[in-house]
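Nothing in this text is a laboratory measurement; each read-out follows from the coordinates by a stated rule. Since we're looking at a predicted model, the values are computed, not measured. In this analysis, Cβ positions are derived from the backbone assuming ideal geometry, glycine residues included, and neighbour counts consider all displayed protein chains.
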């Protein structure tokens with residue numbers, strides 16, 4: 001399969017993501033410049049982390065109007081798997097492809113630290129190969145990762161099973177200290193109603209090789225590869 | 001040339017971590033009468049070649065589509081004749 005990693009001005013995790021999908025997971029990969037609008041050769045699309053357009057106005061607010069985002073929207077509407085990581089998640093929210101919005105972290109500080117997230121749903125391409133309830137350790141690095149949606153929208157997301165990851169302790173318990181950015185319902189990742197678009201704030205590409213301290217993140221990419229290959233077969 | 005001002009603020013129901021931090025700082029500086037601070041954004045938009053009767057409509061659309069995120073923010077538009 002072939003995975004595209006979108007490069008916006010200010011993306012800074014694009015090469016890490018290409019490295020993990022290409023060199024570690026052994027897939028065909030290509031960077032997709034944000035002015036490209038042809039994704040027809042791709043089986044999956046990843047929006048990487050970074051600070052697209054300097055995060056001016058709001059995180060992801062300018063990037064969502066890049067030409068590539070119209071193509072990503074069409075790709076998603078046709079059922080193509082899309083994964084947004086950190087800033088990529090924020091861009092997908094701004095584009096209306098994922099629910100909610102990000103507020104400044106509750107303590108106002110930029111947070112760069114390892115966190116534990118519990119896998120809530122295994123019916124998305126990025127989590128199909130994981131065990132429900134399992135806990136992954138990956139780093140976060142963001143100033144605006146405080147997930148917000150109105151209470152009725154949170155209830156709807158819970159009811160529809162669109163909460164994919166939650167910040168927990170290492171043994172999977174919900175505790176205020178484990179939810180460092182103050183996200184509503186400790187939400188670390190969500191999917192769309194059709195379940196093919198997934199976004200999460202932690203960085204799986206920074207936790208995909210033993211020498212980086214955790215290999216948990218690689219399991220997301222392997223899951224994405226397996227789920228996508230199965231659809232193609 | 002029409003001039004417009006756009007005020008973007010977090011909705012009342014949304015917690016504002018930056019406003020809270022500013023509030024706490026003001027109180028610790030001795031401004032004990034400060035009950036709350038909410039931080040927002042202010043935009044000055046200059047329009048050229050847009051007929052005056054379309055100015056409000058245009059800026060309203062810009063505010064709705066770009067300057068504010070309706071999930072967390074509301075906005076107010078003022079147009080100078």
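As a summary of the residue check, residue B:25 satisfies the conditions (1) surrounded by fewer than 17 Cβ atoms within 10 Å (Cβ to Cβ); (2) more than 30 Å from residue A:153 (Cα to Cα); (3) away from chain A (no Cβ under 14 Å) except for the one numbered (3). Scanning the stretch B:28-51 for residues being surrounded by 12 or more Cβ atoms within 10 Å (Cβ to Cβ) and touching a strand residue (DSSP E or B) at 6+ places or on another chain (Cβ under 7 Å) gives a total of 7. Being without any contact (Cβ under 8 Å) to a residue 40 or more places away in the chain and away from chain B (no Cβ under 14 Å) is the filter here; which residues of the stretch A:40-69 pass it? Correct list: A:40, A:41, A:67. Could you tell me how many of the residues in the stretch A:70-114 are on the phi > 0 side of the Ramachandran plot and within 13 Å of chain B (Cβ to nearest Cβ)? Final tally of qualifying residues: 3. If the condition is being more than 25 Å from residue A:142 (Cα to Cα) and in contact with a helix residue (DSSP H, G or I) (Cβ under 7 Å, 6 or more places away or on another chain), then the stretch A:39-59 contributes A:39, A:43.
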